[in-house]
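> The following block contains the structure, expressed as structure tokens.
The values are calculated or read from the model by the stated rules, or taken from the named source; none is laboratory data. Quantities reported herein were computed from a predicted structural model and do not represent experimental measurements. Note: ideal-geometry Cβ built from the backbone for every residue, glycine included; neighbour counts use all protein chains shown. The area values use the complete protein model at the heavy-atom level, side chains included, leaving out ligands, DNA and RNA. Shrake-Rupley method; radii C 1.70, N 1.55, O 1.52, S 1.80 Å.
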Amino acid sequence: MPQYKAPLRDMKFLMNDVFDYPRHYAGLSSGENATPDIVEAILNECGRFCEEELSPLYQVGDEEGCKLENGEVTTPKGFKDAYNQYVMGGWQGLSAPEEFGGQGLPASMGLLKQEMMGTANWSFAMYPGLSLGAMNTIFLHGSDEQKQTYMVPLTEGRWGGTMCLTEPQCGTDLGQVKTKAEPQKDGTYKLTGTKIFISSGDHDLTENIVHIVLARLPGAPKGTRGISLFIVPKFLPTADGGVGERNGVNCGSLEKKMGIKASATCVMNFDDATGFLIGPENEGLECMFTFMNTARIGTAIQGVGPAELSYQWALEYAKDRRSMRALSGKKEPDQVADSLIHHADVRRMLLTQKAIAEGGRAMLYYAAKTADHMVEAHTAHDDEAAQKHDDKLGFLTPILKGFLTELGNEAANLGMQVFGGHGYIREHGMEQIARDTRIATLYEGTTGIQALDLLGRKVLLMTQGGAVREFTLKVANFARKHLTNSTLRPMAVELLKLTAQWNLLTVRVMLAARKDRDVVSAAAYDFLMYSGYVSMAYMWLRQAAVATDKLEKGGEESEAFYQTKISTAEFYYERLLPRAQSHATSMLSPTRNLMQIEADNLAFTG
């Protein structure tokens, strides 16, 4: 099976040339130490760690999976050693505050790290990734005592963390949460209930696991307004910060899953488990979702990651595997057949993967700059600035999460297709990528939920179309700057048309929804996908514009690198972007064709 290679050239092109991260970091208080030299050293070392330590464990972890014996979960062979190296390297605290032992670097540095780790071995990356959610929640909403107790061991990576939301009777609809929290005389709480689908719920990588749990207090209001948030550690901390007695929380079973089998997805049982209230009573959801936008950016990596990994392996196979002759004539006459790379349909699949991976990466890096500003504002307790940046990120995140994970699945399946029958065989690793990425469109909210969040909440309810107008104005202004360049003009003209259409579609859906409420749900998926294709078109024009400039004035990369960027952008605009029009047509289709069949008549059996 091929090994992962960190796409450092593309990452540095985006950071240094397209989005000017050096100037961005220079303007952040947390960016003082994020100098170009230090950033490059971190990227190179993280790339080495992912290539040499995590990638070799990818297939091994899938084959062995996690095991539950005597109430304890063990991870696959090699995971614990790799995690220890991860901790020794200080990777968990890369973007954590220095006061708790972190390195205090911008939040986007953690995202870059997570991208490489997630691409090399997503199952492994989920363990420290879940801890970040717990760290963010405690940092923002915990008491000083809670921060002192939990932040240091979490930042060091000695302790892990989880986010416990879902229960057997509810997934996205958290208003149905039933887990109970009974107040105790000493100020603690006793939690009883069951949580399911808990990633990293139990494992052998850390000495303790800190669960962030949603539960209801006695007499709490019904629905989401009556949910509180609690810290429930696997082992109760001692006064000196060590690990004390075992708490009443355990793993009841491991989910038998389609993919990411090396990631422990647990059913967690809380039996009078001691918990500590975090944040105000009945405001658990508000606390839990403070950093949900950054969490969804993290999940969007699982769209970019499998596209990148599947592309790398499919490209290598297409260069080596020989089959038939190219229709335009022999390309390798001294060989028994031409390589797959010479067949136009194989090129279509490879370039689709490439366009998704590199376009999606650009979308992530674009949003990560806004996340940096949001975190900076939160740290400075500037609520107004934090809300402003959170609103901007809130518009982008459902597009990133929903659109990129849908395309990540497509890219993973295209990789299998390039391999032909060998793609279906486990030893080549391609079917594992497809299985592993399938979950990405489901967790942190399904694509349909992301679409409703985008269209229903962010666009229609909260801004009455203002979010689209604000973003498209920025895109249109950029496109206008490149109308006079002969290379960029066709793409710039098309992008200008799409920004106008995006606004028109928003208005038409808004007006239709006044007469038929089902319009929002019926149009949401197509609206999200349309938004994604146009957003990625913006990213490809930005990359092509920089590449064009570098070809004229010179840059650090080769001419072939820059020309390939332009050619990939042209492929995207001519082959993939036309898909947006089918989504435009579908989103305006009447709800009648969805709802007119009675539920009992959808199937006729026996």
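> Could you list all residues from the stretch 122-154 that are under 21 Å from the mean Cα position of the chain (by Cα) and not aliphatic (A, V, I, L, M)?
W122, S123, F124, Y127, P128, G129, S131, G133, N136, T137
> Within the stretch 355-385, which residues are open to solvent by 30 Å² or more (accessible area, probe 1.4 Å) and within 24 Å of A537 (Cβ to Cβ)?
Looking only at the stretch 355-385, we keep the residues that are open to solvent by 30 Å² or more (accessible area, probe 1.4 Å), and these are 366, 369, 373, 375-376, 378-384.
Y366, K369, listed by residue number.
> Moving on. Go through the stretch 214-244 and give me each residue that's open to solvent by less than 50 Å² (accessible area, probe 1.4 Å) and over 30 Å from Q85 (Cβ atoms).
L214, A215, R216, L217, A220, G223, G226, I227, S228, L229, F230
> I've got another one for you. Can you tell me which residue within the stretch 455-478, out of those that are farther than 14 Å from N503 by Cβ and surrounded by 13 or more Cβ atoms within 10 Å (Cβ to Cβ), is farthest from the chain's Cα centre (by Cα)?
For the stretch 455-478, the residue satisfying everything is F478.
> Checking the condition assigned to a loop (DSSP other than H, G, I, E, B) and aliphatic (A, V, I, L, M), which residue from A181, A220 passes?
Working: A181 fails: assigned to a loop (DSSP other than H, G, I, E, B).
That would be A220, the only listed residue that is assigned to a loop (DSSP other than H, G, I, E, B) and aliphatic (A, V, I, L, M).
> Can I ask one more? Among the residues of the stretch 300-308, is there at least one that is surrounded by 15 or more Cβ atoms within 10 Å (Cβ to Cβ), more than 30 Å from L14 (Cα to Cα) and either in contact with an Asp or Glu (Cβ under 7 Å, 6 or more places away or on another chain) or among the acidic types (D, E) (or both)?
First, pick out the residues of the stretch 300-308 that are surrounded by 15 or more Cβ atoms within 10 Å (Cβ to Cβ): 300-308.
From the residues that got through so far, the ones that are more than 30 Å from L14 (Cα to Cα) too are none.
No, the stretch 300-308 contains no residue that is surrounded by 15 or more Cβ atoms within 10 Å (Cβ to Cβ), more than 30 Å from L14 (Cα to Cα) and either in contact with an Asp or Glu (Cβ under 7 Å, 6 or more places away or on another chain) or among the acidic types (D, E) (or both).
> To continue, here is another question. Out of the stretch 76-105, which residues are among the aromatic types (F, W, Y) and more than 25 Å from D372 (Cα to Cα)?
Going through the stretch 76-105, the residues among the aromatic types (F, W, Y) turn out to be 79, 83, 86, 91, 100.
F79, Y83, listed by residue number.
> Let me ask another. For the stretch 290-308, state whether one or more residues are assigned to a loop (DSSP other than H, G, I, E, B) and either modelled with pLDDT of 95 or more or out of contact with any helix residue (DSSP H, G or I) (no Cβ under 6 Å at 6 or more places or on another chain) (or both). Explain how you work it out, then say what you get.
So the first thing to find is which residues in the stretch 290-308 are assigned to a loop (DSSP other than H, G, I, E, B), and the list is 290-291.
Okay, now just the ones that are also either modelled with pLDDT of 95 or more or out of contact with any helix residue (DSSP H, G or I) (no Cβ under 6 Å at 6 or more places or on another chain) (or both), so none.
No.
> Something else: Would you list the helices (runs of 4 or more DSSP H) that sit entirely within the stretch 27-108 and hold 1 or more residues that are within 23 Å of C251 (Cα to Cα)? Break it down stepwise before answering.
Values: elements: 36-49, 58-64, 79-88.
The qualifying helices (runs of 4 or more DSSP H) are 58-64, 79-88.
> Taking D202 as meeting all but one of (1) in a loop (DSSP other than H, G, I, E, B); (2) farther than 30 Å from P76 by Cα, write down the number of the exception.
It fails just one condition, (2).
> Same structure again: Within the group L452, L393, L400, which residue is surrounded by 24 or more Cβ atoms within 10 Å (Cβ to Cβ) and either in a helix (DSSP H, G or I) or among the polar types (S, T, N, Q) (or both)? Walk me through how you get there before you give the answer.
Working: L452 fails: surrounded by 24 or more Cβ atoms within 10 Å (Cβ to Cβ); L393 fails: surrounded by 24 or more Cβ atoms within 10 Å (Cβ to Cβ).
Step by step, each of L452, L393, L400 is checked, and only L400 is surrounded by 24 or more Cβ atoms within 10 Å (Cβ to Cβ) and either in a helix (DSSP H, G or I) or among the polar types (S, T, N, Q) (or both).
> Looking for something hydrophobic (A, V, I, L, M, F, W, C), farther than 22 Å from L309 by Cβ and either touching an Asp or Glu at 6+ places or on another chain (Cβ under 6 Å) or open to solvent by less than 50 Å² (accessible area, probe 1.4 Å) (or both) - is there at least one such residue anywhere in the stretch 104-123?
Here is the first cut: in the stretch 104-123, the residues hydrophobic (A, V, I, L, M, F, W, C) are 105, 107, 109, 111-112, 116-117, 120, 122.
Okay, now just the ones that are also farther than 22 Å from L309 by Cβ, so 105, 107.
Then drop every residue that is not either touching an Asp or Glu at 6+ places or on another chain (Cβ under 6 Å) or open to solvent by less than 50 Å² (accessible area, probe 1.4 Å) (or both), which leaves 105, 107.
Yes, because at least one residue in the stretch 104-123 is hydrophobic (A, V, I, L, M, F, W, C), farther than 22 Å from L309 by Cβ and either touching an Asp or Glu at 6+ places or on another chain (Cβ under 6 Å) or open to solvent by less than 50 Å² (accessible area, probe 1.4 Å) (or both).
> If a residue has to be of a type in the set (S, T, Y) and over 28 Å from the mean Cα position of the chain (by Cα) to count, how many in the stretch 493-523 make the cut? Walk me through it before giving the result.
Of the residues in the stretch 493-523, the ones of a type in the set (S, T, Y) are 499, 506, 521.
With the extra rule that they be over 28 Å from the mean Cα position of the chain (by Cα), the set shrinks to none.
Total satisfying the criteria: 0.
> Now a separate question. Sort out which residues of the stretch 26-47 are among the hydrophobic types (A, V, I, L, M, F, W, C) and surrounded by fewer than 18 Cβ atoms within 10 Å (Cβ to Cβ), and write them in order of number.
Pass one, the stretch 26-47, residues among the hydrophobic types (A, V, I, L, M, F, W, C): 26, 28, 34, 38-39, 41-43, 46.
A26, I38, A41, listed by residue number.
> Can you find a residue that is farther than 26 Å from K147 by Cα, over 29 Å from the mean Cα position of the chain (by Cα) and of a type in the set (A, V, I, L, M) anywhere in the stretch 240-258?
No, the stretch 240-258 contains no residue that is farther than 26 Å from K147 by Cα, over 29 Å from the mean Cα position of the chain (by Cα) and of a type in the set (A, V, I, L, M).
> Quick check on my filter: what residues within the stretch 69-100 are more than 17 Å from A41 (Cβ to Cβ), among the small types (G, A, S) and surrounded by fewer than 17 Cβ atoms within 10 Å (Cβ to Cβ)?
G71
> One residue is enough: does the stretch 412-426 have a residue meeting the conditions within 17 Å of E115 (Cα to Cα), basic (K, R) and open to solvent by 10 Å² or more (accessible area, probe 1.4 Å)? Lay out the reasoning, then the answer.
Applying the first criterion (within 17 Å of E115 (Cα to Cα)) to the stretch 412-426 yields 412.
Narrowing the set further to residues that are basic (K, R) leaves none.
Checked the stretch 412-426: no residue is within 17 Å of E115 (Cα to Cα), basic (K, R) and open to solvent by 10 Å² or more (accessible area, probe 1.4 Å).
> Suppose we filter S582, S567, S531 for residues that are in contact (Cβ under 8 Å) with a residue 60 or more places away in the chain, under 30 Å from D345 (Cα atoms) and polar (S, T, N, Q); which single one remains?
Working: S582 fails: in contact (Cβ under 8 Å) with a residue 60 or more places away in the chain; S567 fails: in contact (Cβ under 8 Å) with a residue 60 or more places away in the chain.
Testing whether each residue is in contact (Cβ under 8 Å) with a residue 60 or more places away in the chain, under 30 Å from D345 (Cα atoms) and polar (S, T, N, Q) leaves just S531.
> I've got another one for you. Which one of K257, K261 is modelled with pLDDT of 95 or more, surrounded by fewer than 19 Cβ atoms within 10 Å (Cβ to Cβ) and not in a strand (DSSP E or B)?
On the way: K261 fails: surrounded by fewer than 19 Cβ atoms within 10 Å (Cβ to Cβ).
None of the other options fit; the residue is K257.
> Now, a different point. I'd like the full set of residues that are acidic (D, E) and open to solvent by 50 Å² or more (accessible area, probe 1.4 Å), limited to the stretch 141-196. Show your work before the answer.
First pass over the stretch 141-196, keeping only residues acidic (D, E): 144-145, 156, 167, 173, 182, 186.
Within the stretch 141-196, D144, E145, E156, D173, E182, D186 meet the criteria.
> Restricting to the stretch 201-231, give me the number of residues that are closer than 21 Å to P128 by Cα and without any contact (Cβ under 8 Å) to a residue 40 or more places away in the chain.
0
> Filter the stretch 325-383 for residues that are among the acidic types (D, E), assigned to a loop (DSSP other than H, G, I, E, B) and touching a Leu at 6+ places or on another chain (Cβ under 9 Å) and give the result.
none
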